[in-house]
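One structure is given here, and the rest of the page talks about it.
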Amino acid sequence: MALYQWQLAGHSEAELREQFAAMPEYSSVDRDYFGDVLSLALRDAETLDREIARHADRNIDSTDAVSRAVLLLGLAELHGRRDVPTRVIINESVELAKQYGPVDCYRFVNAVLDRAAKQVDGRSA
């Protein structure tokens, strides 16, 4: 997960793209979508963090790296990918949180994205 790695290692967008392009799984990825969402999330990370804080029931500084990465991804999609239905964004984010995050972080991800979706113009879950 590129956004997780970015948080821990501080790699640039170019380095992340290069590292992920070298992975065997990358051949089955929609490269344009990956690049678009990665760019959106990295470019707007500070704004997205403020949005997480606004909709969260905890301090952003206490949010684990997986939850933050999933939320950055989901919020970047909500704001920048109008072609993807809100419910799909939230469901996929919850599944990522279940698979990779700490116990019950999926509940936190679901709550934050659901609240955020109601605030984004023209989006509803």
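Here are a few things to note about the model shown:
- Condition check for Val88: in contact with a Cys (Cβ under 9 Å, 6 or more places away or on another chain) and either part of a helix (DSSP H, G or I) or under 22 Å from Ser12 (Cα atoms) (or both): no
- Among all positions in the range 106-125, there is no residue which is assigned to a loop (DSSP other than H, G, I, E, B) and either modelled with pLDDT of 95 or more or under 22 Å from Gln7 (Cα atoms) (or both).
- Among (1) part of a helix (DSSP H, G or I); (2) loosely packed, with under 15 Cβ neighbours inside 10 Å; (3) among the charged types (D, E, K, R), the one test that Glu51 misses: (2)
- Taken over the range 89-104, the criterion of being over 18 Å from Gln5 (Cβ atoms) and within 13 Å of the chain's Cα centre (by Cα) is satisfied by Ile89, Ile90, Asn91, Glu92, Val94, Glu95.
- Restricting attention to the range 22-48, the residues that are in a helix (DSSP H, G or I) and surrounded by 16 or more Cβ atoms within 10 Å (Cβ to Cβ) add up to 9.
The values are calculated or read from the model by the stated rules, or taken from the named source; none is laboratory data. Predicted, not measured: the structure shown is a model, and the values here were computed from it. As a convention, Cβ positions derive from the backbone with ideal geometry for all residues, glycine included, and neighbour counts pool all protein chains shown.
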